[in-house]
Every structure is written in C-alpha cells, then in structure tokens.
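A.B. asks: This is the structure I want to talk about, given as structure tokens.
Derivation of every value follows stated rules applied to the coordinates shown; laboratory data play no part. Bear in mind the structure is a predicted one, so any value in this text is a computation, not a measurement. Neighbour counts are summed over all protein chains in view; Cβ atoms, including those assigned to glycine, are modelled from backbone coordinates with ideal geometry.
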Ligand SMILES: Nc1ncnc2c1ncn2[C@@H]1O[C@H](COP(=O)(O)OP(=O)(O)O)[C@@H](O)[C@H]1O
Ligand SMILES: [Mg+2]
C-alpha cells in the first residue's frame, strides 16, 4: 500500500517535473533561436534582395558555423535558394513553420519534429530537429523565409538526465519504503502474533496463559483487556469446578450415611425393632436432605441458565409474608421460639409470589435454625420510599464479621456440622440473593455474633414500570 502511494505520487511528480523542464528548455530555445535568426535575417535581407550572392553565401555559411546548425533561405514559393548543407538547393520545402510564415502571416515560427517526417536534418544521427522560420523582409516587401534547422539532442539529453535522476530517486525511495515497511510491519504485527498465539493456547484449554503487555498504544489496551477477560474466565472456570466438587460432596455425604445405616439394618437381622425404626427414620431424614440439595441445585442451575420462569402478577406481598410465617409457626413452636410478624397491610407488588414466598421462607427458616430455643424472631414488612422493605431479625447466634462477606456464596456455611444437623444445604441464601436480583432488588445483612442477625430485602415498587 505504501509502495502504491509512493509510486503514484512519484509518477505525478515525475510527469509534472519533466513537463516543466521540457517547457522551460523549449521556451529558452525558441527565444534564443528566434533572436539570432531574426538578427541574421536583417543582415541577409538586403544581400538577398539585391542579388549579392557571394556576400550572402559567405554571411550564411559563417553564421551557420557560429550557430552550429543548418541555415536555408527560401523564396516566396518555398523553394530553397540557399542551403548551408548544399543538398536541398531548388527543392520546395513544405514545413509547417515555413507555411505559417509564408501563408499564415507570422513573422517567426518555431517547431520541433521527428526526423522521419521532417525534410531537412540538422546533422547526423539526430532523431529530432528544431526548425525556426523567420520572415525575410526587404525594402519593397517580403522576400522569403530564413530557416534555421538545429539539433535538439542536447535539450533531449538534459531532459533524459532529469528523468533518469527522478527514476533513480524513485527507486531508492521505493527500496527504502519497502525496507521500512517490512521492518515496521514486523514491529507492528509481532505483538498481534504474540496475542494470537496466546489466544490459541487459551482456545486449547489452557486458561492460565496471559498476554505480554508492552508498548504504549491500542495494542497495549487490547492485551490488557484480554488479560482481564482471561482472568475472569479462569475464575469462572475455578468457581464452576468448585461448584461441581461441592455439589458432589454434598450429594455424597447423605449417600454415605445412608449406606452405613442400610448395612447396619441389612447385616443385623435380629436387631431390636425400635433400633431398626430409628435407623430407618434416620435414613428417611437423609433422603429428605438429599432431595433438598437436589431441589436447591436445580433451582440454582435453572437461574444460572436464565431458564428460570418468572410469573409476574399483581400480588399482595403482605399476604405472602403472612402465609409463609403461618407455614413456619409449627417449627417455631416446637422450639419455643417467639415468631412474630409486623406486616404493613396491602404492600402490592408486580412480582412472582412463589419466589417472594421462597425468599421469606429461606430467611425466616434460617432465623429459626440459627436462634436457640426460646429466642425471638421478628419479621417486618413496610414500604419505605419507593421500595417494599422486608426485614428478618433474630436474637440468635449471629454471624462472625469475617464470614459475613461469604454467606451468600454457594455451599458456604459458617458452621458446617451444625448446618448439616439442621438439614441445611448451604444454598438457601445464594438462592435468596438471586431471586432478589431477579426482582431488581437488593439484600443486605447486619449481624453481631452472640446477639443476632438482621437481613434486609428491598424490592422496588415500580418494578412494573421499570420493566415495561
Ligand atoms: N439468621 C442467621 N443467623 C446466623 N447465621 C446465619 C443466619 N442465616 C444464615 N446464616 C449462616 O449462613 C450460612 C448460609 O445460609 P444458607 O445459605 O441458608 O445455608 P443453610 O441454611 O443451608 O446452612 C448458614 O450456614 C449460617 O452459617
Ligand atoms: Mg438456609
């Protein structure tokens, strides 16, 4: 591309330049020839008019020697009356310059011709010849034409020299351009090639490769952004692996327990009946756990894949909260806990009521689970500004500061043993968080270990307008 641009500009420059030089030389030549031939014509006109043949001869021969060209004198018919080369005597010359002086009324005419079309050469071996025709005026009118034929080889030579110089410069510049371009493009493509190699490696599954960041330009930005992307991919990959291994572990634990229980029953046929019932009851409990984990996992993967269907409708959030608390009351009573609701009437939302129910259920169930017997759990619902605000407050065991940032992560549990014991999967809060996000809301938590926790969920009331 560079070469093309350079070639084009050189071509234009070259033709313009040689055109200028040619015009200049041509003009010089016309002025110079016309001047000397006109001067000569005033000298030879009287000699010709009064038939002083010898003097005329001498004057013309001397002049042609001085001017280094061929001088001819033509009469009014265009017939050669004198020729310093003496070969065209008596011949009629039909040169355009002669014609334009004799018939066209011009005083001086100048032209350059190829020799094959011209009739009179100016020397040996010239392919071109310049003619300068000047009217010969006597005392009683026109006498004829003084014609000067001269070589233009010198002029053409200078022109050629200029052209050669230009071509030489062009070749040099073109070579330089090609060299520089090659160098520059290597310099330019090297980082791109590096990046390509890196991306290929990544495509083959190696997520640890990173691009070399150097330079100070767009490629640097590209490499940096690529690395950021690679970083995210790698962490995504890591968390996915983590999720799979956590999930497997979570499924394995109840299976292992069940196998032990089952083997006990199987290999002790004469086990007392009440003991056997206890084993079977434990197994039943494990199966519940297992099916809980599977249910939660399904919910989560559905939400991950964006396949979770959200059935929005105008619903009373107050109603949903009341119903959920009612559902959990037996559980609270069993542990002598004081589960109370302070619910503003008619908090209406355009939302999925079963998902909001699950949010309330998971948070309240946690509050019950992580609060000792006889504790207090308060669930409130109110509208604050343009949001419905749900809080679930307990005076239970609380959450240590360092765990607060993680409790919404999948499978994260502060106290693994305790959570299992209570049938938890560690997925409840991450499901809650996703469902809140699905409704455009946000969730926060405040907790003091030993004193209790408060979960706050805010869901915008204009959910419908915002989505519409
Ligand atoms: N109200 C609460 N009080 C104290 N700890 C809580 C409370 N709610 C959640 N947690 C902590 O957060 C963890 C994650 O909760 P969750 O995702 O619901 O899992 P799970 O209840 O199955 O253990 C729990 O294991 C528990 O350690
Ligand atoms: Mg839970």
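A.B. asks: Using Cα atoms only, what is the angle between the long axis of helix 317-334 and the major principal axis of the chain, expressed in degrees (0 to 90) to the nearest 10?
C.D. replies: Its long axis makes an angle of about 40 degrees.
A.B. asks: Further question on the same structure: With the alpha-carbon atoms as the only input, what is the per residue convex hull volume for the chain in Å³?
C.D. replies: 305
A.B. asks: Computed from the mean reciprocal separation of all distinct C-alpha pairs, what Kirkwood hydrodynamic radius does the range 18-119 have, in Å?
C.D. replies: Here the Kirkwood hydrodynamic radius works out to 14.8 Å.
A.B. asks: What angle do you read, to the nearest 10 degrees and between 0 and 90, between the alpha-carbon axis of helix 2-49 and the longest principal axis of the chain?
C.D. replies: 10
A.B. asks: What value does the range 218-304 have for Rg/Rh, both radii from Cα atoms and Rh as Kirkwood defines it?
C.D. replies: 1.36
A.B. asks: If we count other beta carbons within 10 Å of each Cβ, what is the order of 41, 444, 34, fewest first?
C.D. replies: So the residues, fewest neighbours to most, are 444, 34, 41.
A.B. asks: In whole percent, what relative contact order does the range 218-304 give with Cα contacts below 8 Å and a gap of six or more residues?
C.D. replies: 32
A.B. asks: Moving on to the next point. For helix 53-67, report the angle its Cα long axis makes with the longest principal axis of the Cα atoms of the chain; keep it between 0 and 90° and round to the nearest 10°.
C.D. replies: Once rounded, the angle reads 30 degrees.
A.B. asks: At a 10 Å Cβ-Cβ cut-off, how would you order 137, 321, fewest neighbours first?
C.D. replies: Final ranking by Cβ density, sparse to dense: 137, 321.
A.B. asks: Would you kindly state how much longer the chain becomes between residue 213 and residue 406 on full extension, computed as 0.36 nm times their sequence separation minus their alpha carbon distance, in nm to one decimal?
C.D. replies: 66.1 nm
A.B. asks: On average, how much area does the Cα convex hull of the range 313-467 cover when viewed from any direction, in nm²?
C.D. replies: 8.5
A.B. asks: Test of understanding: ordering 199, 397 by Cβ neighbours within 10 Å, fewest first, what list do you get?
C.D. replies: Result, fewest neighbours first: 199, 397.
A.B. asks: Let me check against my output: what whole-number percent is the relative contact order of the range 114-245, with C-alpha pairs under 8 Å and at least 6 apart?
C.D. replies: Value for the range 114-245: 12 percent.
A.B. asks: Roughly how many Å is it from the Cα centre of the range 357-392 to that of the range 147-207, as a whole number?
C.D. replies: 76
A.B. asks: Here is a further query. Kindly state, to the nearest 0.05, the FRET efficiency for residue 178 paired with residue 89, given R0 = 35 Å and r defined as their beta-carbon distance.
C.D. replies: Calculated transfer efficiency: 0.05.
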